[in-house]
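This report concerns only the one structure given below.
The values are calculated or read from the model by the stated rules, or taken from the named source; none is laboratory data. Note that the structure is a prediction, hence the values are computed from the model and not measured. Cβ placement follows ideal geometry from the backbone for every residue including glycine, while neighbour counts extend to all protein chains displayed. Ligands, DNA and RNA are stripped out before the accessible areas are found, and what is left, the full protein with its side chains, is counted by its heavy atoms. Shrake-Rupley method; radii C 1.70, N 1.55, O 1.52, S 1.80 Å.
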Amino acid sequence: MDNFMISFLICNVFINGIIGILLMTKRIFKNTLSSRMQYHLWFLMLGLLAVPFVPLRLIRVPQIFSLLDSLRSASSSGTGIAIEETMGTNPTENVDWMNDFTLSINSKTPSIVGYILLGIWIVGIFAMILLVIKSFLRLRDLEKSALPLQNQEVRRLYRHCLEEMEIRREIPVYSTAFLTSPIIVGLLKPCIYLPIHLISDYHESDMRYMLLHELQHYKHLDAIASYLMNLTGVVYWFNPLVWYALKEMRNDREVACDTSVLNMLEEDNYEDYGNTLINFAEKVSLTPFPFTAGLGGNMKQMKRRIINIASYEKPTFMKRLKGMTAFLLTAVLLLGLAPFISTYASDESYYHWDSSSENISYVDLSAYFEEYEGSFVLYDLKNDAWSIHDKEHATLRVAPDSTYKIYDALFGLEEGVITPEDSFIAWDGENYPFEAWNADQTLQSAMSSSANWYFQSIDEQLTSADIYSYIQQIRYGNENLSGDLSTYWMESSLKISPVEQVELLIKLHNNSLGFSSENINAVKDSIRLSSSDAGTFYGKTGTGRVNGQDVNGWFIGYIETADNTYFFAANIEADSNATGGNATEITTSILSDMNIL
């Protein structure tokens, strides 16, 4: 959560930039966009303000925004590689089994600053909620003190306004001495409240305009907008530019309602409507109630509305067309910026697996895991059945470490960086702590020795844009490449759950990932561990080493027998000694006891 808060604050910098773009765009298209369209643009902003809390995978990022990866790496967690050795652990004497070599990542401890900021943010939210509750209670007092409208002339005029606007619902009208301007209140049970002084100083045309204005709020569902704006103000209480944007949105809402009223009037009545605002400018005020919409506003807002009325002309077809075009262009621009927000603030720790239609059995295999936290996932292809130990950990996303190399190799093959016939990459001459790495490599040898530099070389030739495109294509875990290009899969930004590992292995086996069969087969060959009359065993280990301690161990793969195929993924976590080798031992024990291996 400390990382989320820091990311959320970074996200707000981008949000402020987007608000600035929106304000500038509104000014540019001021004479093209209708008042209603200018108001509706703010709903795009409200949608964007929700993006930081939306899971990243729901924000499908266009290819043109993949350049963001290079920007994000500048603000990543500051991890680096320390050269330390984790010795290979082979579960059998078979030389085809893969070595579990890995390098250590230096990880910074959680920042106390992040927790302090989180605490301040939560305290601010509670304070804002208390203010909203206070306003709500004041509104309740107003409702209790109000009386049903008794003035027959106003009642007749009100019924005429309902007919004029083709509103069939009977919206109650009340009078009160505790308001200076009319307001409409309520989402499910809307009510209109009129100040007594306006009723006593009754003027038919003025009252008609005010009633039409309030009914326009009802017709355009502005009560929903009020709730959304209040919620936004609570969450973004610390951001002054968001508050300014919400103020502008409220102003645009009143201007849009004015325009809707003007659309109902004859041109000769425009001046009268403007005079109504002028006549009541000193009497009306901003409503203190956050759940309402009304005629009032401060003098600056009144001036803006009067200028809008004085310059109003009913739009022609061509002006509407231009306005719609400008609106769509602005909408595309703003929505296109959504990935910049989501990428920074969204943290999807768990895979939201729709298991309702799956044939799943939950098994207790804790005896195999002993001191480790972790999970085991098995899929029986023939019977379309899942067996899962510890569902919570089975859907928890953690770094894939070297298991990711299966798909990194596939990306390199698909782009022609390597080929099934020629996967040779020359050793760069750097002295690595594992003898097996200090030599030229092919895909087979690099996968067997888990040589990081081989796959990092593939990534360098692919570029981050290519990698991100493929990551999205196969929907790999959280699809987050914000880490450094050389380490994003090593206890960094990219994360995946055991369930997702199995789902991807099924797609790899069935060749349903959209890659050439030749390349798929080359990757399968590189992870083949053993083959006999009993079947063929495929697998890849992975170890996450942080600050010199093995904290994350993987073993994933599948077993092909004569009449069935079993896919599996095991993940273990601990403060130390959680290696891919130990995950392999756990897996082979489970599979043996299940009579699969």
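What to note about this one:
- Residues in the range 514-554 that are of a type in the set (A, V, I, L, M) and closer than 20 Å to GLN501 by Cα were compared, and the one that is farthest from the chain's Cα centre (by Cα) is LEU529.
- From the list ALA436, ALA394, the lone residue that is surrounded by fewer than 22 Cβ atoms within 10 Å (Cβ to Cβ) and over 18 Å from LEU513 (Cα atoms) is ALA436.
For (1) modelled with pLDDT under 90; (2) among the aliphatic types (A, V, I, L, M); (3) open to solvent by 90 Å² or more (accessible area, probe 1.4 Å); (4) assigned to a helix (DSSP H, G or I), each residue gets a yes or a no:
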| position | (1), (2), (3), (4) |
| --- | --- |
| GLN150 | yes, no, yes, no |
| ARG156 | no, no, yes, yes |
| ARG159 | no, no, yes, yes |
| LEU162 | no, yes, no, yes |
| ARG168 | yes, no, yes, no |
| SER175 | no, no, no, no |
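- Residue, farthest from LEU396 (Cα to Cα), within the range 492-514, restricted to residues that are in a helix (DSSP H, G or I) and among the β-branched types (Val, Ile, Thr): ILE506
- Screening GLU560 on (1) open to solvent by 40 Å² or more (accessible area, probe 1.4 Å); (2) touching a Gly at 6+ places or on another chain (Cβ under 7 Å); (3) closer than 24 Å to GLU460 by Cβ shows it passes everything except condition (3).
- From the list SER449, SER492, SER464, SER445, the one residue that fits, being at pLDDT below 90, more than 33 Å from the chain's Cα centre (by Cα) and not aromatic (Phe, Trp, Tyr), is SER449.
- Enumerated strands (runs of 3 or more DSSP E) restricted to the range 356-430, each holding at least 2 residues that are at pLDDT 95 or above and within 26 Å of MET447 (Cβ to Cβ): 373-380
- Answer residue from the range 360-391, given it is surrounded by 14 or more Cβ atoms within 10 Å (Cβ to Cβ) and of a type in the set (Gly, Ala, Ser) and is farthest from the chain's Cα centre (by Cα) among those: SER387
- Neighbours by Cβ (under 9 Å, 6+ apart or cross-chain): first from the range 21-35, over 18 Å from LYS319 (Cβ atoms); second open to solvent by 20 Å² or more (accessible area, probe 1.4 Å) and aromatic (Phe, Trp, Tyr): LEU23/TYR244
- LEU334 vs. criteria within 30 Å of GLY581 (Cβ to Cβ), within 31 Å of the chain's Cα centre (by Cα), of a type outside the set (S, T, N, Q) and open to solvent by less than 40 Å² (accessible area, probe 1.4 Å): no
- Any hit, the range 474-487, residues being in contact with a Ser or Thr (Cβ under 8 Å, 6 or more places away or on another chain), among the small types (Gly, Ala, Ser), open to solvent by 30 Å² or more (accessible area, probe 1.4 Å) and at negative phi: no
- Residue in the range 155-167 that is more than 22 Å from MET264 (Cβ to Cβ) and more than 46 Å from the chain's Cα centre (by Cα) present: no
- Residue match in the range 544-557 (condition: under 18 Å from HIS389 (Cβ atoms), in contact with a helix residue (DSSP H, G or I) (Cβ under 9 Å, 6 or more places away or on another chain) and surrounded by fewer than 22 Cβ atoms within 10 Å (Cβ to Cβ)): no
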